[in-house]
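Notes follow once the structure below has been shown.
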Amino acid sequence: MIPLLLIAGLTLATAAVALALRNLIHSALLLIASWAGIAAFYLWAGAEFVAFAQVLVYVGAVSMVVLFAVLLTRRSRDDISVAIDSPARGIAALLTGGAVLGVLFGAVISSPLGAPAAGARPSLSVKELGLQLMGPHAAALLIVGVLLTVALLGAVVIAAGDRTDAAERKPEGNP
Amino acid sequence: MNAALLFATTGSVLETLPVTLRDLVTGWLPEPLRWLVNSLVGVGTLLAVIGLLFAYLTLAERKILGRIQNRPGPNRTPIPFINLRFFGLAQPFADGVKAITKEDVVPDGADKVLHFLAPVALLAFSIMTLGVIPYGRHLVLLEFDAAVLYFFAAGAATELAVFMAGWASRNKYSLLAAMRALAQLISYELPLLLSVVPAVMLAGSLALPAIVEAQGGWSYGFLPQWHVFTPWGFAGFIIFFISALAESNRSPFDLPEAESELIAGHLTEYSGFKYALFFMAEYFGMCALSGMGVTLFLGGWQAPLPFLEFIPSYVWFGVKLLSLLLVFIWIRATFPRLRMDQLTRFAWKFLVPLALINLGTAAFWSLTAGWSGPLQFVRWAVALALVLVPFTLLGRRLSAGVAPRTYRYAT
């Protein structure tokens with residue numbers, strides 16, 4: 001139980017400090033530490049595969065996207081206002097946040113929480129996981145794949161659109 | 001017959017020698033303590049061996065680079081007190097003393113905490129990757145069901161340390177280099193992972209000892225069943241090796257540290273022992289990736305021929321690892337550095353499609369495992385065509401309009 005509390009404390013603490021800091025890079029790095037904490041939790045729970053996948057995807061890849069986004073947004077630290085833009089936006093943010101919290105809370109409340117018998121941890125090999133993913137959960141896997149492909153294509157379209165604009169503009173500017 | 005028996009027994013004694021030695025030391029301890037001490041002894045041995053390997057790898061690199069460039073390389077450092085030069089074999093220790101006694105300069109505007117954490121994190125993650133590699137039949141420190149994933153997860157985390165180093169230095173060159181490094185590492189992570197997938201697919205396991213076991217045995221009595229001796233394995237190994245060169249920031253992919261463009265890249269603001277830590281992490285990463293390549297494609301600790309099996313498995317692993325590391329050094333002395341656009345284009349337009357096609361080749365290979373007789377020729381021919389045709393076509397397309405180079409302002 002003590003390792004779990006330590007992991008949970010670290011994960012929550014890093015997330016909270018990431019919210020409070022004004023230096024965006026520090027926040028991003030702390031957020032990544034928080035993701036690593038979640039991976040540690042998976043390891044504690046005996047889900048090796050999920051833990052390593054979490055590190056590979058979040059600490060390795062998503063973190064890069066976050067850092068790139070932070071570095072490419074051209075706003076100095078003083079520009080960032082801490083106050084709420086408008087009441088409507090504040091209310092919308094509260095509503096979405098509340099909705100997500102409600103859904104999560106509902107899921108937590110409704111899931112059966114009982115201390116598992118010691119030593120009787122189910123050990124699932126990677127192969128069985130793969131068979132599960134390819135068999136009963138194939139539809140979910142395919143849908144996630146299509147979703148990610150669409151997102152990727154959207155990103156490519158947006159990025160490519162900028163380049164044609166620049167190419168068209170260039171001949172006019174240069175005599 | 002008797003000699004063969006003698007060979008077999010000495011072989012098995014030597015084979016288990018490291019484990020026997022460890023048990024001699026720790027055998028008398030009570031159970032939970034014994035497990036702890038066993039692990040500590042394992043980690044200590046690994047760190048000592050890899051540390052020594054690192055020390056002499058730097059010397060070997062400087063010597064070999066020197067020979068290739070027609071100069072002697074470092075040969076002056078004497079062994080202390082006896083004043084014997086001995087080819088300058090004490091050079092790594094002199095370097096170590098120098099790195100420790102040098103002043104540690106931290107820029108005034110640097111982010112002190114991150115500036116300190118970056119080399120530590122980088123080295124820690126590189127050492128973590130070394131833990132899962134099977135160095136011999138009985139020499140695996142960490143046995144995970146998902147060892148391959150663990151290896152690449154720890155490897156991916158090193159990118160973060162490079163970014164931390166570049167950003168925390170508060171130096172334009174460092175930051176630019178860090179961004180370059182990130183772009184490069186992300187680009188080459190994909191072909192690296194994709195080239196590993198066929199090996200995992202054919203072995204049917206993500207555990208490294210199982211992948212090595214799957215490469216045991218000899219086809220036709222002499223050809224080892226290592227993955228590199230199959231069409232998909234050969235292509236996969238080449239892709240893996242090129243990506244490994246890029247992932248460990250080695251020449252010709254050492255753009256993040258391109259001296260002529262970016263001073264020393266993300267290492268610009270590091271000096272003294274922190275710089276040595278970066279250096280160490282680079283070589284550890286190189287060793288880990290080479291070890292992974294040996295494990296996945298070159299048969300791990302398996303002997304190349306049946307009658308050579310009396311030589312212990314860890315010796316074979318060491319020989320393979322060293323030869324791969326020497327290729328790393330050889331390549332560094334031979335190829336000029338790529339340009340940034342060439343680097344990314346090579347990854348996305350050449351390596352990634354080839355790795356994807358290679359996945360199909362491996363699937364064909366595993367589906368036709370039952371074919372025998374003349375059908376085996378068909379199997380080899382189809383698999384070879386699946387490897388070679390896309391390679392030629394993609395290679396032509398990649399160099400179309402680029403080569404041969406024409407010079408407008410020079411003759």
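General observations
- Shielding value for B:154-167 is 4, the average number of Cβ atoms from other chains within 10 Å of each residue's Cβ.
- Dipole of chain B, positive direction: furthest Cα of B:Q225, B:L190, B:P78, with charges on the beta-carbon: B:P78
- Applying the Karplus relation 6.51 cos²θ - 1.76 cosθ + 1.60 with θ = phi - 60° to region B:215-226 yields 3J(HN,Hα) values of 9, x, x, 10, 8, 6, x, 9, 7, x, 7, 6 Hz, where x marks Gly and Pro.
- Our summary gives chain B a relative contact order of 19 percent, counting only alpha carbon pairs under 8 angstrom and 6 or more residues apart.
- Cα-only Debye scattering, region B:253-411: base-10 log of I(q)/I(0) at q = 0.13 Å⁻¹: -1.00
- Its residues counted as N, region B:296-344 yields a C-alpha radius of gyration over 2.2 N^0.38 Å of 1.66.
- When you filter the chymotrypsin sites (Phe, Trp or Tyr not before Pro) in region B:37-118 for DSSP loop state and at most 10 other Cβ atoms inside 10 Å of their Cβ, you are left with B:F81.
- Per residue of peptide A:45-54, the mean number of Cβ atoms on other chains within 10 Å of the residue Cβ is 4.
- Computed from point charges on the beta carbon alone (+1 for Lys and Arg, -1 for Asp and Glu), the dipole magnitude for region B:270-411 about its Cα centre is near 720 Debye.
- Loop-located chymotrypsin sites (Phe, Trp or Tyr not before Pro) across region B:285-378 with a Cβ neighbour count of 16 or fewer within 10 Å are B:F310, B:W371, with loop assigned by DSSP.
- Likely footprinting exposure, B:T406, B:T77, fewest C-beta neighbours within 10 Å first: B:T406, B:T77
- Förster-model FRET efficiency, 30 Å R0, B:F310 and A:V62, C-beta, rounded to 0.05: 0.05
- A simple packing score, the average count of other Cβ atoms within 10 Å per residue, orders the peptides B:277-287, B:171-181, B:95-105 as B:277-287, B:171-181, B:95-105, with the highest score first.
- Screening chain B for whole DSSP H helices of 20 Å or more along their axis (Cα) with average Kyte-Doolittle hydropathy at least -0.5 returns B:31-68, B:112-130, B:147-168, B:172-203, B:231-247, B:272-297, B:313-334, B:352-367, B:375-399.
- Evaluated at q = 0.08, 0.11 Å⁻¹, the base-10 log of the normalised Debye intensity for chain B, with identical point scatterers placed on the Cα atoms, takes the values -0.51, -0.95.
- Restricting attention to the protein assembly as shown, the count of lysine pairs at 8 or more positions apart or across chains with alpha carbons under 22 Å apart stands at 8.
- Candidates B:L359, B:L130, B:L36: whichever shows maximal mean-square fluctuation once chain B is modelled as a Gaussian network with Cα springs under 10 Å: B:L36
- With helices as the sole contributors, chain B gives -22000 deg cm²/dmol at 222 nm; each DSSP H run of n ≥ 4 counts as -39500 (n - 2.57), and the sum is divided by every residue.
- Linear extension gain, B:W371 paired with B:F335, 0.36 nm per residue minus alpha-carbon span: 8.8 nm
- Computed Kirkwood radius, in angstrom, where 1/r is averaged over Cα pairs of region A:1-76: 13.0 Å
- For the protein assembly as shown, a Kirkwood hydrodynamic radius built from all Cα pairs, placed in the Stokes-Einstein relation at 10 °C and 1.306 mPa s, yields a translational diffusion coefficient of 58 µm²/s.
- Length-normalised contact order of region A:1-76 in % [C-alpha pairs under 8 Å, at least 6 apart]: 28 percent
- Selection from B:V132, B:S169, B:G88 lying farthest towards where the dipole of the protein assembly as shown points positive, charges on Cβ: B:G88
- Working note: Karplus 6.51/-1.76/1.60 with θ = phi - 60° gives region B:255-269 the couplings 4, x, 10, 5, 4, 6, 10, 10, 6, 10, x, 6, 9, 3, 8 Hz, where Gly and Pro are set to x.
- Total charge dipole magnitude, the protein assembly as shown, about the Cα centre, Cβ charges on Lys, Arg, Asp, Glu only, Debye to nearest 20: 1340 debye
- Stretchable slack from B:A363 to B:L84, in nm (0.36 nm times residue separation minus alpha-carbon distance): 94.6 nm
Bear in mind these aren't lab numbers, they're just calculated from the coordinates by the rules spelled out. Keep in mind that what you see is a predicted model, and the values were worked out from it rather than measured. Neighbour counts run over all protein chains shown; Cβ positions are idealised from the backbone, glycine included.
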